[in-house]
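Here is the structure we will look at.
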Amino acid sequence: MSFSLELSEEHRDLRDWVHGFSEKVIRPAAAEWDEREETPWPIIQEAAKVGLYGFETIATFWADDTGLSLPIANEELFWGDGGIGMAIFGTTLAVAGIFAAGTPDQMAEWVPQCYGDENDPKVGAFCSSEPAAGSDVSAMRTRAVYDEATDEWVLNGQKAWATNGGIANVHVVQAVVDSSLGSRGQAAFIIPPGTKGLEAPSKIKKHGLRASHTADVFLDDVRVPGSCLLGGKEKLDEKLARAREGGKGSKSGGQAAMKTFELSRPTVGAQALGIARAAYEHALEYAKERETFGRPIIDNQSIAFTLADMRMEIDAARLLVWRAAWMGRNDEPFTAGEGSMSKLKAGRVATWATERAIQILGGNGYTREFPVERLHRDAKIYDIFEGTEQIQQLVVSRAISGRHIQ
């Protein structure tokens, strides 16, 4: 029997490769794209050219039976910059939605179209949240009605906070097909490129992650072929029949959405870690160079202890992320809400560590001349999206208690 926390040579090579891209390409452009609040298409294209952006890369990451490739790559990418990192990796959530509910044929058809190619890169969007239905997926109002005469589904509703919403080549949309069944009466649909009736009239102005496009998506009599129902109609009908009889449905609709979030939470936690680590490293270097009263401020115990706590919290959060990533990849049940634990801890560490970094830099940290101000803005969303801090606590508390805590 052996046990080791040492990364394999492949994992070290992956870490160094992504870190190098972040250091040479992303960081020098981070402040510019944050100020512009625009999708950094040239950087996405550069990522595609070097093989960092594309369905083959994601497939390779997912094939890693340790589950560590995705969190390692995300930590290094977001160490470069959160907004650009999300612009590059936001498509992955749409891809995860397709993998969670789609057939092999649907995966083969639609996943490559989420990415395009290095000459003409595309992005994908996963549309689940709504103005009145974020963490509470059972409150979803977007409807999908089947038109048997034409073998088409007709979608109507509004989606909120969709990463790449409106600019995506492929949208993956969650919708209600039987409102009497709550979250069990939902399904996931592909909205192909150029489909009429899907609009996202304006981009949302955000506190952080400004280089990542976020928008509300409106669906007005959007008609898609029957083949765009992820998983297929036969599987959906079987699932709905079981739900009406009081049985458990298959992985489609609302369950597919929750499965997508469950598997993605460790990866999202790794993104928060990258931001936290960047803030810690900036603060550490500043504390070594900045002098007051004739000595570097790191010689002051209060500064040194804060940096020690920052490093400890980041390392502890990484262990939770890696454990959850391994469990998710190897179908180990999250009996104590380990996926939510990892995202909850990493999000808290990111917001705390970036705030501490600003404090260490003092007045300089509050200005846009230094990156910790941007890192602090980028970090806050990790207490909110992919399930708020309170939702993660709810998942963990229900798991450890076996009770339906509200």
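The values are calculated or read from the model by the stated rules, or taken from the named source; none is laboratory data. Just so it is clear, the model here is predicted, and its values are computed rather than measured. Glycine also receives a Cβ, built like all others from the backbone with ideal geometry; neighbour counts cover every protein chain displayed. The protein model used for the area step is the full one, side chains on, heavy atoms only, and it has no ligands, DNA or RNA in it. Shrake-Rupley method; radii C 1.70, N 1.55, O 1.52, S 1.80 Å.
The strands (runs of 3 or more DSSP E) found wholly in region 105-188 and carrying at least 1 residues that are open to solvent by less than 40 Å² (accessible area, probe 1.4 Å), among the aromatic types (Phe, Trp, Tyr) and touching a residue at least 24 places away in the same chain (Cβ under 8 Å) occupy 124-127, 152-163. Figure legend. Inter-residue proximity from region 256-273: first residues farther than 13 Å from TYR382 by Cβ and open to solvent by 10 Å² or more (accessible area, probe 1.4 Å), second residues modelled with pLDDT under 60 and among the charged types (D, E, K, R), beta-carbon distance below 9 Å, spacing 6+ or different chains. Indicated pairs: LYS259/LYS251. Residues of region 44-54 being touching a Ser or Thr at 6+ places or on another chain (Cβ under 9 Å) and open to solvent by 20 Å² or more (accessible area, probe 1.4 Å), which ones? Scanning region 44-54 gives a single hit, GLY51.
For first residues located in region 208-224 and farther than 20 Å from ALA133 by Cα, partners that are among the aliphatic types (A, V, I, L, M) and part of a loop (DSSP other than H, G, I, E, B) and lie 6+ apart or on another chain with Cβ distances below 6 Å form the pairs HIS213/ILE167. Within region 63-80, the presence of at least one residue that is free of Cβ contacts under 8 Å to residues at least 40 places away in the same chain and either farther than 24 Å from ASN119 by Cα or in a helix (DSSP H, G or I) (or both) is confirmed. Scanning region 34-62 for residues that are within 20 Å of GLY124 (Cβ to Cβ), in a helix (DSSP H, G or I) and at pLDDT 95 or above yields TRP41, PRO42, ILE43, ILE44, GLN45, GLU46, ALA47, ALA48, LYS49. Go through the residues of region 5-14 one by one and say whether even a single one is assigned to a helix (DSSP H, G or I), within 21 Å of ALA168 (Cβ to Cβ) and of a type in the set (Lys, Arg). No, region 5-14 has no match at all. A Cβ distance below 6 Å, combined with a sequence gap of six or more or placement on separate chains, defines the contacts here; from region 23-34, residues that are within 11 Å of GLY80 (Cβ to Cβ) reach residues that are assigned to a helix (DSSP H, G or I) and at pLDDT 95 or above in the pairs VAL25/GLU46; ILE26/GLY80; ILE26/ILE84; ARG27/GLY80.
All of ALA168, ALA160, ALA200 fail the test of being small (Gly, Ala, Ser), in contact with a strand residue (DSSP E or B) (Cβ under 7 Å, 6 or more places away or on another chain) and within 23 Å of THR103 (Cβ to Cβ), apart from ALA168.
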